[in-house]
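Read the structure below first, then the notes.
No lab work stands behind these numbers, since they all come straight from the coordinates. None of these values were measured; they are calculated from a predicted model. Cβ: placed from backbone, ideal geometry, glycine included. Neighbour counts: every protein chain shown.
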Amino acid sequence: MDDLRCKFGHHPQASACGYEGYLFEISKTFQTLLLLVWLIGYVAIVSADDRIELEMLEQEAFRAAVERVAPSVVQIETVGGLERVGKVLLGTGPTTGLIVDPEGYIVSSAFGFLHRPASILVRLPDGVLKPAELVSTDHSRMIVLLKIEPDRPLTVPEIVPAGEMRVGQWAIAVGRAFDSKQPNMSVGILSARNRIWGKAVQTDAAVSPNNYGGPLIDVRGRVLGVLVPLSPHSANRLAGYKWYDSGVAFAVPAEHIFKTLPRFRKGDLHGGVIGIALKGKNPSIGEPVITACRKDSPAAKAGLKPGDRIVEIDGKKIARTADVKEQLGRRYAGDKVSIVVLRGQQRIEYQVELEVRDWGLGIRDWNPVFHLDSNP
Amino acid sequence: MQILFDHLAAVLARRVDSKPPGLSRRKLSAGTSLTARRASTAAKFFLFALLVHTCSSHSLAAGASTAEVLDRIQPNVVKIYGAGGFRGLEPYQSGMIVSADGHILTVFSYVLDTDQITAVLADGRRFEARLLGADPRLDVAVLKIDAAELPHFDLGEAVEVDAGTRILALSNLFGIAIGNEPASVQHGVVSVKTGLAARRGVFNSVYRGPVYVLDAATNNPGAAGGALVTRTGQLVGMIGKELRNALNHTWLNYALPIGQLRESVEAIRAGRLVAARQDEPKQKPARSLRLEMLGIVLVPDVLERTPPYVDHLRSGSPAARAGLRPDDLILLVGGRLITSCKVLNEEMEYIDFEDRIRLTVLRGGELVELDLQYSANGEE
Amino acid sequence: MKRAVIIVLLLGIATTAFGRTEQPPIIQAVLEAEAARVAVMNRAKEAVVAVFSPGGKGGGSGVVVTADGYALTNFHVVKPCGNAMKCGMADGKLYDAVIVGIDPAGDIALIKLFGRDDFPCAEPADSDLVQPGDWCFAMGNPFMLATDFQPTVTYGIVSGVHRYQYPAGTLLEYTDCIQTDASINPGNSGGPLFDARGRLIGINGRASFEKRGRVNVGVAYAVSINQIKNFMGHLRSGRIVDHATLGATVAPDEDGRVVVGDILENCDAYRRGLRYDDEVVSFGGRPISTPNDLKNVLGIFPKGWRVPLSFRRDGRRHDVLVRLAGLHTAEELLSKIKGRLLPSPKPGEKPKLKLPKIPLPGGGPKKTKLVRPRIPMPEIVKKHFQQKRGYANYYFNKLNRQRVLKAWAEQSDTADCGGAWTLAGELSGGGAYRFELTDSGARLELPSAEFQWAAGDESGASLEPPQSGGLLLALYLWRRLALLGPEQFGEVSYLGAFPVVGRKENADVLLGLHGGVECRFLFDPADGRLLAVEMFATEDADPCEVLFTEYRELNGRLLPSRMEVRHGDDLYGVFKIDANTF
């Protein structure tokens, strides 16, 4: 105690001790000190694991985060349309959308519109119901752009720059599928970045038709991305849907959506296709050696040939098939890329303009075996 | 250290209620009422305590860990074995002890449809259980085992929670806990609080009241009857039966709020008949309103989900007088969303033929609201 | 008012300090904890492996546990790979790997990655300290999403501990496993489950699936790292490792006690005194209150380990050490792993022995065949692989045998002592003794008697001296191993790591076969000294155990000065060695 007293005695204001007139000032000083130490102690306490106190703080933070984004999360109802796509029965339930523009642009998951509804209704967070038009579809990221005519400017959410995302950070999936008045939320973490050939981030929060089209937010309520079902192994419109609520889910980064918005408003976006096949089944371990070029494909037109080994795309080093898919898979039709190949010992650079084709990526779909023991 | 956590609590309270911080007020009053010297001593002591705390963050944990909470409440959850075991019907479910002398709250299901119900406690003790009673409208049942001084949940102390509340779900899902081991525990948050009856026909459930939708995969085979608690172990709800959302074909994970069940449980325990609840699902009226009574003719219903466009109107009909026009798309009837001709016809069955209804239609990109009422003689 | 200003000021300081702005104070604590978790996960992911079969069809996950590249995964992950696999790590590189050892009953495999001697590796925790409610996280390659080799992280809590999950036949039995609600999906198999601090607590391998199909529904299981620690030595031996049986069955009686129902008369438990109707009180240091408890504990020990067993008869408690027998014969195990893996039965269901229609529990396409990939083995793998019946990879057995013998030779330096070995001194009970060990046999002179054993009589006809279980033969074999080395001794292989009575660390064990006699040599892995020799003259009898202790330097060699001889439950004698010549 004595040591401590000495220590604190050196404090310039504490040395004023004894002057009655300073009484209030002193108490304030201690208060300042107390609060400072309290803050330090507070952080130390709550940074330990398994502490209920921290969990309660986090709970408040989750709620606050959802509250913060809620004014930008809308409920979408659709009327009419197909009952099923292929063999999959489609839902008619409400889906979720995210406001991206004060003038009335809203993005949602293309999954909610696969049944080609006759009419779309958007219910804004304040309860106002508005008819909506489907403006365009991003067929590569399975996102749709809707437009409503709002009575007053809409609230656009704050976003997290892609570079700030960290694997392991909180990721809260927000939807408005159950109740138009209150959002539904599920909490997880960011499981990985740079998934689905660079098109999406991954989360283990519960994601399903109950929040497809809604935002994935960080613990401060900023948008990480928009929730959509996706799979790296297939470009099928329903790909990734069967993984709903499994702890494997994806969101298209908000930064990308906002960056692409001017282009998206003008019309549909399609994944860019090059038209080559590469060696090996598993892209993770396959060599980036061209085994075939489709006739009239962008690759063929540019002059790529079977046997060429791709070594660089737009300045990025290529080592495996996966690298090629990652560099090309994220691009849209119309994008131009420079591809460097090794033909024998010769290094040749080609300029290729990616096109819209119905052969997916131009690299075949893959049906891998995933191992996990199971008990029925 | 309790003081410290009082402070934390106070800060939390301030955040939630926007009240001035209790911490500062208390410290300030102490400071002003004592002499400066005493105040400084007291404050220094407090500082010292805080520093000590800061330096040894682990050993001085004043709060309980999740493991400690579980140690306390896991014994309240029991494994129930009964009928089933064929066609994918697991012969087991979960339950929670709600009295020291052996009352067990669980779901009312085929598992209880036998004379031989066994309840196995977390410590492995096995008891023959008797079905004391059930409330089929809520799908709840109360069992009784002959035991005393059991650890249990007090239904009276159950709490109501909001969306975002962190929860633990305790159940014997998939029958994993087989012997003298506690049931499984899962974590999550309350995703949203919603009503199962909010949309007609979406959930095939007897229970129609409010539920806590959860973001964890809790409602698996064997989990029904398990306990939903807060992270501090307060009872919140009972895990319901497996349920599928007919709208989007996903499985729903949810729990029934204890507040909805308490009355029934008390009535069953007291041997009283449970009175019919007031919020029964809406009944169809004796005579329903039909579209033709209003003079509305829709486009031919040829698709699975034909959008309910108005084809034409009988002249002089209530609909025509109200201003409905051909090519209007009917979107809402009395605030309920109409997604197809079929749904519209179904919805009409719930409306009494004498009631006034409000239609919301889409006309040229605008939403238009119209009030209609049937009159027997065609006149108003 | 002023107070408010101060608070605002302080918050300002705090927020600036943490590099954040405009945030309420609560979020600061949350963000700090979040940042700590991000850091832990970022570090943990470095050791995580995406395992691919070289054919490119399938794969799973794994985790590196040593800097020289040994990694753990599931047996059912490597089985379709054959002997070589490709491993992607978070550094973005693809490494070649070879199979080392497999544990089909425990669904664990040890593989070795090549290309670095400084692999990032996971630090194992004590998984017995894991409690329900503890935060944990899984890493791996579910649905093969990690095309850039960055693992998927899923966060959850421990849902249950010491869980038991039924085997498929007798393989893939998950005993004493950890149940978690962290999302584990197909492809996560073989990957690590970490505690909140990023220490390895288990290997994810199984999940309960609902009617929705093969996606996580909140329940998955990890083999505990403590179980794997027990098997680590065996896995490093390059063997196909077997699990253990007690040789007795147990069942609950009317009072709920766990009692012995059946017991084999040739098992060690019987020889240690366990009989029909005895109550099993504890096993492997854990209390036993249900038959399942016993099954659960049995699964964590490899065949051949000596495990403490306590039983009660007529109110009296007996504490013994029991040597566990193998669950399978070597042939059974071989034929079982050759077949397709059976899906696990439901609890309570009798394990099916016939092949059902569903193939691999790994699932995936229905047509999956066990393909021996025709893809040529990479050179580095070829150099580290040797086929031998009964082994997953004999190369690693030789490697460990060499390691153990080299350390022993350096320490005892007896390789060139080809003459007669004499050991002389005093018995602890008084009286002088003298051993003489030569190529042609062994002799023991005691004050009262003299015993002799001649080479060529290894079959066990004369286990001299009486009551010792064959001490002379054991010592003869000791000298033989020291002089002749592994190639000429008979057949010498590395058996794995085994516990030694009275020591915390496990011993490295070499198994020597000579003339139908099985002899185990237990070495201290730290300094290579010989700790004990256990000579099994016949399979179903107690061995002669010779424990060497009190090593001291003698004529430039570090040699034991005390030799304790045991047979069964009895101490045969303690020999103090005062003089020895080589």
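Legend: mean number of C-beta atoms from other chains within 10 angstrom of residue C-beta atoms, peptide B:322-329, equals 1. With no solvent and one equal point scatterer placed on each C-alpha of region B:291-373, evaluate the Debye formula and give log10 I(q)/I(0) for q = 0.12 Å⁻¹, two decimals. Normalising to I(0) and taking log10 leaves -0.29. What the Cα convex hull of region B:217-264 gives, in volume per residue, is 91 Å³. In this structure, the amide hydrogen of A:VAL226, modeled 1.01 Å from its nitrogen in the peptide plane, lies closer than 5 angstrom to those of A:LEU216, A:VAL252, A:ALA254, counting only residues at least 5 positions away or on a different chain. Counting only other chain Cβ atoms within 10 Å of each residue's Cβ, the peptide C:273-284 averages 0. How big is Rg to Rh over chain C, alpha-carbon atoms, Rh as the Kirkwood inverse-mean-distance radius? My calculation of the ratio gives 1.04. Backbone geometry of region A:165-172 corresponds, through the Karplus equation with coefficients 6.51, -1.76 and 1.60 at θ = phi - 60°, to 3J(HN,Hα) couplings of 6, 10, 4, x, 6, 4, 9, 10 Hz, x marking Gly and Pro. Annotation: aspartates and glutamates with alpha-carbon distance below 15 angstrom to C:LYS336 (same-chain offsets under eight excluded): C:ASP103, C:ASP107, C:GLU173, C:ASP242. Modelled spin labels at B:ALA100 and B:GLN116, positioned 7 Å past Cα toward Cβ, are 3.4 nm from each other.
Normalised size of region C:89-145, defined as Cα radius of gyration per 2.2 N^0.38 Å with N residues, equals 1.45.
Give me the distance in nm between label points sitting 7 Å out from Cα along the Cα-to-Cβ direction at B:ASP352 and A:LEU342, one decimal. Modelled inter-label distance: 8.4 nm.
Test of understanding: extend the Cα→C-beta vector of C:ASN266 to 7 Å, then name every residue of region C:518-540 with backbone N under 18 Å from that spot. From region C:518-540, the list is C:518-519, C:536-540. Neighbour counts of other Cβ atoms within 10 Å put B:LYS284, A:LYS147, A:LYS199, C:LYS229 in the fewest-to-most order B:LYS284, C:LYS229, A:LYS147, A:LYS199.
With N counted as the residues of region C:395-581, its alpha-carbon radius of gyration over 2.2 N^0.38 Å works out to 0.95. With a 10 Å cut-off around each Cβ of C:75-81, the average count of Cβ atoms from other chains is 2. Report the calculated FRET efficiency for C:GLU487 and C:ILE375 (r = Cβ-Cβ distance, R0 = 25 Å), to the nearest 0.05. Efficiency for this residue pair is about 0.15.
When the Cα convex hull of region C:413-473 is projected onto planes of every orientation, the mean area is 4.9 nm². Taking amide hydrogens as placed 1.01 Å from N in the peptide plane, the amide H of B:ALA216 sits under 5 Å from those of B:VAL189, each at least 5 positions away in sequence or on another chain. Applying the Kirkwood pairwise sum to the alpha-carbon positions of region C:127-226 produces a hydrodynamic radius of 13.3 angstrom. Length gained on full extension, C:ALA526 to C:LEU334, computed as 0.36 nm times the residue gap minus the Cα-Cα distance: 65.8 nm. For B:LEU332, the residues whose modelled amide H falls within less than 5 Å of its own, excluding neighbours fewer than 5 places apart on the same chain, are B:ILE338, B:THR360. When A:ILE348, B:ILE239 are arranged by Cβ crowding within 10 Å, least crowded first, meaning fewest neighbours, the order is A:ILE348, B:ILE239.
In this calculation the C-beta distance from A:ARG152 to B:GLN283 is compared with R0 = 35 Å, giving a FRET efficiency of 0.25.
Derived value for region A:276-353: Kirkwood hydrodynamic radius 12.3 Å. Basis is the mean of 1/r over every pair of different alpha-carbon atoms. Taking every Cα-Cα distance in region C:107-178 and sorting them into 5 Å bins from zero, the calculated P(r) comes out as 3, 11, 13, 19, 23, 18, 10, 3 percent.
Helix C:2-17 against the longest principal axis of chain C: what's the angle in degrees, Cα atoms only, rounded to the nearest 10? Tilt relative to chain C: about 60 degrees.
The trypsin sites (Lys or Arg not before Pro) of region C:108-188 that DSSP puts in a loop, and whose beta carbon has at most 16 other beta carbons within 10 Å, are C:ARG116. Counting other Cβ atoms within 10 Å as a rough exposure proxy, the listed residues B:LYS241, C:LYS86 run B:LYS241, C:LYS86 from fewest neighbours to most. A simple spin-label model places the labels of C:ARG562 and A:VAL128 9.1 nm from each other, with each point 7 Å out along Cα-to-Cβ. Summary of packing: across the peptides A:183-193, C:66-76, the per-residue average of other C-beta atoms within 10 Å ranks them, highest first, as A:183-193, C:66-76. Compute the relative contact order of chain C as a whole-number percentage, counting only Cα pairs closer than 8 Å that sit 6 or more residues apart in sequence. Reported relative contact order: 10 percent.
Per-residue ellipticity at 222 nm, computed for chain C from helices alone with -39500 (n - 2.57) per DSSP H run of at least four residues, works out to -6000 deg cm²/dmol.
Pairs spanning more than 31 Å between alpha-carbon atoms, out of C:LYS112/C:LYS406; A:LYS281/A:LYS305; B:LYS241/C:LYS229; A:LYS316/C:LYS229; A:LYS181/C:LYS45; C:LYS86/C:LYS229: B:LYS241/C:LYS229; A:LYS316/C:LYS229; A:LYS181/C:LYS45.
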